[in-house]
Amino acid sequence: MIKAIALDVDGVLTDGTFWWDGAGVELKRFSFRDVMGIVRASRAGIHFALISGERNAIVDRYAARLEIKHVWQGCKEKDRALREFASTIGLDLAEICFMGDDVNDLAAMKLAGFSAAPADAHESARSVAKLVTRQPAGNGAVREMLDFLDLNK
């Protein structure tokens, strides 16, 4: 049974694109479907972590808004972060799902008890995922995965 979810950010919670405004501030777009799914699953007792290869204040803001306490940024070894997450919350890796979208997510996807990838993920991620969503990244793919796992009580 899945009791925790670890998510990559760019290419999973976002569509993988970003904008710079005139002042050079980076902007990203998130889906409220994913927000609703995470909020509902959190209320049902599911633990969440964000594990991102990038370092960005937007990730901190997203985590704060959704009360996600476990955040790794600038992470090049996502499998190591996943192990730390499991240890911190006292769960076995078999009880954790990792959702990723590209080659830098593969080790964590293979380590987790369940893995998922958005529809538009790189082929390498789709080939190891136990679930490939119909929705693309940043457009409700996380919510679809949470619904599939029946974690939105």
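Only the coordinates and a few stated rules stand behind these numbers; no lab work does. As the structure is a computational prediction, the values presented were derived from the model and not from experiment. Reconstructed Cβ throughout: ideal geometry from the backbone, glycine too, with neighbour counts over all protein chains shown.
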Added length on full extension, which subtracts the Cα-Cα distance from 0.36 nm per residue, LEU66 to MET1: 21.1 nm
Sequence-distant residues sharing a close amide H with TRP72 (under 5 Å, placed H): LEU50, ILE51, SER52
Listed residues GLY11, ILE46, GLY22: farthest to the positive end of the dipole of the chain (Cβ charges): ILE46
Segment 1-40 - Rg over Rh from alpha carbon coordinates, Kirkwood radius: 1.11
Qualifying GluC sites (Glu not before Pro) in segment 50-153, DSSP loop, other Cβ atoms within 10 Å at most 10: GLU67
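Tell me the relative contact order for segment 1-105 as a rounded percent, counting alpha carbon contacts under 8 Å between residues six or more apart.
Numbers: 146 pairs, mean separation 39.3, N = 105.
This gives 37 percent for segment 1-105.
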Segment 21-84 and segment 100-153: distance between their alpha carbon centers, rounded to Å: 15 Å
FRET efficiency for ALA44 and TRP19, using Cβ-Cβ distance with R0 set to 41 Å, rounded to 0.05: 0.75
If the convex hull is drawn through the Cα atoms of the chain, its volume per residue in Å³: 95 Å³
For segment 80-153, the spread of Cα positions along each principal axis, largest first, Å: 32, 32, 18
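Can you show me the helix-derived [θ] at 222 nm for the chain, built from DSSP H runs with n ≥ 4 at -39,500 (n - 2.57) apiece and divided by the number of residues, rounded to the nearest 500.
Values: 6 runs with 53 residues, N = 153.
The helix contribution divided over the chain gives -9500 deg cm²/dmol.
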Three principal axis lengths of segment 26-107 [C-alpha, angstrom, descending]: 31, 30, 19
